[in-house]
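The values are calculated or read from the model by the stated rules, or taken from the named source; none is laboratory data. In this text the structure is predicted, and so the values were computed from the model without any measurement. For neighbour counting, all protein chains shown are included, and Cβ atoms are generated from backbone atoms with ideal geometry for every residue, glycine included.
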There are 2 protein chains.
Amino acid sequence: MGDYRFLKACRREPVDVTPIWIMRQAGRYLPEYQKIRGKNSFLTLCKTPELAAEVTIQPVERLGVDAAILFSDILIPVEAMGVPLDFHDGKGPILGKEIRGQADVDALSVPDPTDKVPFVMETIRILRKAFQGKVPLIGFSGAPFTLCSYIVEGGTSRNFIKLKTLMYQAPEVYRSLMTKITKTVIAYLNAQIEAGAQAVQIFDTWAGILTPGDYEEYALPYTRQVVAGLSRGNTPVIHFANDCATILSAIRTLGVDVIAVDWRIPLDVAAIVVGQGVAIQGNMDPTMLFHPPEKIDDCVRDVLRRGESAASHIFNLGHGILPPTNPDHAIAMVEAVHRFGRKGMAVPR
Amino acid sequence: MGDYRFLKACRREPVDVTPIWIMRQAGRYLPEYQKIRGKNSFLTLCKTPELAAEVTIQPVERLGVDAAILFSDILIPVEAMGVPLDFHDGKGPILGKEIRGQADVDALSVPDPTDKVPFVMETIRILRKAFQGKVPLIGFSGAPFTLCSYIVEGGTSRNFIKLKTLMYQAPEVYRSLMTKITKTVIAYLNAQIEAGAQAVQIFDTWAGILTPGDYEEYALPYTRQVVAGLSRGNTPVIHFANDCATILSAIRTLGVDVIAVDWRIPLDVAAIVVGQGVAIQGNMDPTMLFHPPEKIDDCVRDVLRRGESAASHIFNLGHGILPPTNPDHAIAMVEAVHRFGRKGMAVPR
């Protein structure tokens, strides 16, 4: 128990070989996922514990990764706050609650996760039983800033003009909304840990659109509250932000166990910025899986070599695996990591 | 002649005050542009010298910026290479030439700009006469990598999978296409300089999607050929890449006069990376123009203060001005730069 190479790497303990998992490893690039998804809407998949558990297990079996990550969506707790949520194929999420002023924030709730999203905790319990110690299970949540951007923009965005207008022109409304989201995220992640998640990852997908100054003023304080509010115990906390090169020194101050970075910053450079007091996760460019399989070895070795500069390295892509990826190329990557990864003390997967 | 504060700043000579111009300053946020655009398609605007000149002049008169930039589109020379080009409102450019193999590259030409895009050079000549020395005129081109991405993707892209697939799986076809684009860009920029452009900017909008390693392998060598192929004389060359923090040390090796950076990297950090042998242009976050006007002073002063670390600083946004921007906020920014900018030797605007 707790002796998994993934969890040991999170804690900067020696491992038998560099562990690997893949962001969005349960998803559209897998035919076995497509098969289940073909019969169920995306939200049905998220909200039906048996189905969510099944697609969570698929990549563990197919790819031989060293950790599973709960199949869900970062907007599940947002819907529970009272924001109508829908997914249209190819268009991404559509959120149906405009934030025009304080009254719109006041209308949102801080949901009790065991009451409002019990299916998430049930999925975690099913998975813990199913894995029986084979691989550890990662829970996750969006970071407050990223969830806020979805709420205010009503979906994904290119330039985040609605969000910036709220931030800059009605900062008190923005801060009130962020505080409510922060409380929601804390309760949500603690419920996942309570249900059996053995590590949690905080996704701040959109943090990288901010200047470092704005990141420190408008996003970081809320993520800091999240980290402080977690019942961490022995549960590693991972932080991921895309396009994070220039905010990495700020992220370092969060005191998480693992900092996950995107592919733009080489891991040896990232290691200089974050230092030796934290593990690093990442960061092969997801598009590098479009290399011919025989070239993937070289891509993996370059990331591993740079990862040697980190106190501890968990291999991952620098962002989610892309839907058109050939699963055989993902398998080639996992095998290469296990073949070439740093060797240390022998521990179970 | 040549004593403009913008050109002096490009050459790292003392100026009376920090110069400013704005990427996409001729464009949709201006009602006077919308009026002309309402009667003409975007491509008609680009290809009719009198109209292109008129919208180029508008922001100089309205905002009081220190340089004009030719109104055109980076895809104009791509169309001249033989790639059908269309613009649909709200959807961006649509390019109608699939690159499936070497034959598709062979079918493209390296156009003689005076023969195939004479309207660009005519616009430049009209503008030089119209400005009569009031402000200098900047010409521009897309960098080979960015133009290649539009051709291969057929437009804008989110993950550049078609481009990466070509790069990784058919590198010889990719390199053949890049070589043809590079020759096109060199001839195109030299024709602009010959026609009267007093500085040229190379836009590598999408370079920031690459890992630093891929940037150096697949993009930088071609931009280097462009820089080497220019009849530079006394004409400053500016290089802009969006999301450039982690490729900045590679960009530095290009030997351009000015490196323009996006808003993610503070200018004092950028100055450490690029050193004192080059001027820096940038980099206020375009969304900061959604601040109330009274806050824009603070945003400008922060950029100016960091810009003091550079050998020379040309103020600009970190990316193009956004269409929903209030022109009065842009004016407030220009005035703040002229009020607070570094003071040196008195020279004409």
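Among B:L289, B:L322, B:L304, B:L254, which is the only one that is in contact (Cβ under 8 Å) with a residue 12 or more places away in the chain, over 26 Å from B:N234 (Cβ atoms) and not in a helix (DSSP H, G or I)?
Working: B:L289 fails: not in a helix (DSSP H, G or I); B:L304 fails: not in a helix (DSSP H, G or I); B:L254 fails: over 26 Å from B:N234 (Cβ atoms).
Selected residue: B:L322, the only one of B:L289, B:L322, B:L304, B:L254 that is in contact (Cβ under 8 Å) with a residue 12 or more places away in the chain, over 26 Å from B:N234 (Cβ atoms) and not in a helix (DSSP H, G or I).
Just the residues that are of a type in the set (A, V, I, L, M) and not in a loop (DSSP other than H, G, I, E, B), please, taken from the stretch B:29-50.
Within the stretch B:29-50, B:I36, B:L43, B:L45 qualify.
Please find, among A:V256, A:V278, A:V303, the residue that is within 14 Å of chain B (Cβ to nearest Cβ) and of a type in the set (A, V, I, L, M).
Numbers: A:V256 fails: within 14 Å of chain B (Cβ to nearest Cβ); A:V278 fails: within 14 Å of chain B (Cβ to nearest Cβ).
Of the residues listed, the single one that is within 14 Å of chain B (Cβ to nearest Cβ) and of a type in the set (A, V, I, L, M) is A:V303.
Assuming A:L220 fulfils every condition listed in (1) surrounded by fewer than 24 Cβ atoms within 10 Å (Cβ to Cβ); (2) within 14 Å of another protein chain (Cβ to nearest Cβ); (3) over 20 Å from A:L317 (Cα atoms); (4) not polar (S, T, N, Q) apart from one, which condition is it?
(2)
Take the residues of the stretch A:285-324 that are polar (S, T, N, Q) and over 27 Å from B:A170 (Cβ atoms): which is farthest from the chain's Cα centre (by Cα)?
Keep residues of the stretch A:285-324 that are polar (S, T, N, Q), which gives A:287, A:309, A:312, A:316.
Next cut, over 27 Å from B:A170 (Cβ atoms) only: A:309, A:312, A:316.
Details: A:S309: 23, A:S312: 18, A:N316: 11 Å.
Per the criteria, the residue is A:S309.
From the list B:M284, B:M333, which one is in contact with a Cys (Cβ under 7 Å, 6 or more places away or on another chain) and either crowded, with 23+ Cβ neighbours inside 10 Å or over 23 Å from A:A250 (Cβ atoms) (or both)? Break it down into steps so the answer makes sense when it comes.
Details: B:M333 fails: in contact with a Cys (Cβ under 7 Å, 6 or more places away or on another chain).
Unique residue meeting the criteria: B:M284.
Scan the stretch A:180-200 and give yes if some residue there is without any contact (Cβ under 8 Å) to a residue 12 or more places away in the chain and more than 14 Å from chain B (Cβ to nearest Cβ), otherwise no. Give the derivation first.
Taking the stretch A:180-200 and keeping what is without any contact (Cβ under 8 Å) to a residue 12 or more places away in the chain, we get none.
The answer is no, given that none of the residues of the stretch A:180-200 is without any contact (Cβ under 8 Å) to a residue 12 or more places away in the chain and more than 14 Å from chain B (Cβ to nearest Cβ).
Tell me yes or no: at least one residue of the stretch B:259-268 is within 14 Å of chain A (Cβ to nearest Cβ), farther than 18 Å from B:V17 by Cβ, among the acidic types (D, E) and surrounded by fewer than 21 Cβ atoms within 10 Å (Cβ to Cβ). Give the steps one after another, and end with the answer.
Taking the stretch B:259-268 as the starting set, the residues that turn out to be within 14 Å of chain A (Cβ to nearest Cβ) are B:261-268.
From what's left, farther than 18 Å from B:V17 by Cβ: B:261-266, B:268.
Add one more test, that the residue is among the acidic types (D, E), and what stays is B:262, B:268.
Pick out the ones that are also surrounded by fewer than 21 Cβ atoms within 10 Å (Cβ to Cβ) and you get B:268.
Looking through the stretch B:259-268, at least one residue is within 14 Å of chain A (Cβ to nearest Cβ), farther than 18 Å from B:V17 by Cβ, among the acidic types (D, E) and surrounded by fewer than 21 Cβ atoms within 10 Å (Cβ to Cβ).
Out of all the residues in the stretch B:110-126, is one or more assigned to a helix (DSSP H, G or I), more than 14 Å from every other protein chain (Cβ to nearest Cβ) and either within 30 Å of A:P286 (Cα to Cα) or among the aromatic types (F, W, Y) (or both)?
yes
For the stretch A:307-319, which positions are more than 10 Å from chain B (Cβ to nearest Cβ) and surrounded by 20 or more Cβ atoms within 10 Å (Cβ to Cβ)?
Filtering the stretch A:307-319 for residues more than 10 Å from chain B (Cβ to nearest Cβ) gives A:307-317.
Passing the criteria: A:G307, A:A310, A:S312, A:H313, A:I314, A:F315, A:N316, A:L317.
Under 25 Å from B:H319 (Cβ atoms) and at pLDDT 95 or above: which single residue out of B:I186, B:I202 fits that description?
Values: B:I186 fails: under 25 Å from B:H319 (Cβ atoms).
Sole residue among the options that is under 25 Å from B:H319 (Cβ atoms) and at pLDDT 95 or above: B:I202.
Which condition breaks for B:L189 when tested against (1) of a type outside the set (S, T, N, Q); (2) under 25 Å from B:G282 (Cα atoms); (3) outside any strand (DSSP E or B); (4) out of contact with any Ser or Thr (no Cβ under 6 Å at 6 or more places or on another chain)?
(4)
Only one residue in B:I99, B:I94, B:I124 is among the hydrophobic types (A, V, I, L, M, F, W, C) and surrounded by fewer than 18 Cβ atoms within 10 Å (Cβ to Cβ), so which one is that? Can you show your working first?
Numbers: B:I99 fails: surrounded by fewer than 18 Cβ atoms within 10 Å (Cβ to Cβ); B:I124 fails: surrounded by fewer than 18 Cβ atoms within 10 Å (Cβ to Cβ).
Sole residue among the options that is among the hydrophobic types (A, V, I, L, M, F, W, C) and surrounded by fewer than 18 Cβ atoms within 10 Å (Cβ to Cβ): B:I94.
How many residues are part of a helix (DSSP H, G or I) and surrounded by 21 or more Cβ atoms within 10 Å (Cβ to Cβ) when one looks only at the stretch A:194-213?
Step one: list which residues in the stretch A:194-213 are part of a helix (DSSP H, G or I), which gives A:194-195, A:207-209, A:212-213.
This time we only want the ones that are surrounded by 21 or more Cβ atoms within 10 Å (Cβ to Cβ), so: A:195, A:207, A:209.
Number of matching residues: 3.
Out of the residues in the stretch A:159-179 meeting the condition of being aromatic (F, W, Y) and in contact (Cβ under 8 Å) with a residue 24 or more places away in the chain, tell me which one is nearest to the other protein chains (Cβ to nearest Cβ). It would help to see each step written out before you state the result.
Just the residues of the stretch A:159-179 that are aromatic (F, W, Y), to begin with: A:160, A:168, A:174.
From what's left, in contact (Cβ under 8 Å) with a residue 24 or more places away in the chain: A:160, A:174.
Numbers: A:F160: 7, A:Y174: 12 Å.
Once the filter is applied, the top-ranked residue is A:F160.
From B:A9, B:A26, B:A80, which residue is within 20 Å of B:G282 (Cα to Cα), in contact (Cβ under 8 Å) with a residue 40 or more places away in the chain and in contact with a helix residue (DSSP H, G or I) (Cβ under 6 Å, 6 or more places away or on another chain)?
One residue alone meets the criteria, B:A26.
Confirm whether B:N190 is over 21 Å from the mean Cα position of the chain (by Cα) and not aromatic (F, W, Y).
Values: over 21 Å from the mean Cα position of the chain (by Cα): no; not aromatic (F, W, Y): yes.
So B:N190 fails the test.
Name the single residue, out of those in the stretch B:224-251 being surrounded by 24 or more Cβ atoms within 10 Å (Cβ to Cβ) and assigned to a strand (DSSP E or B), that is nearest to the other protein chains (Cβ to nearest Cβ).
Here the answer is B:A241.
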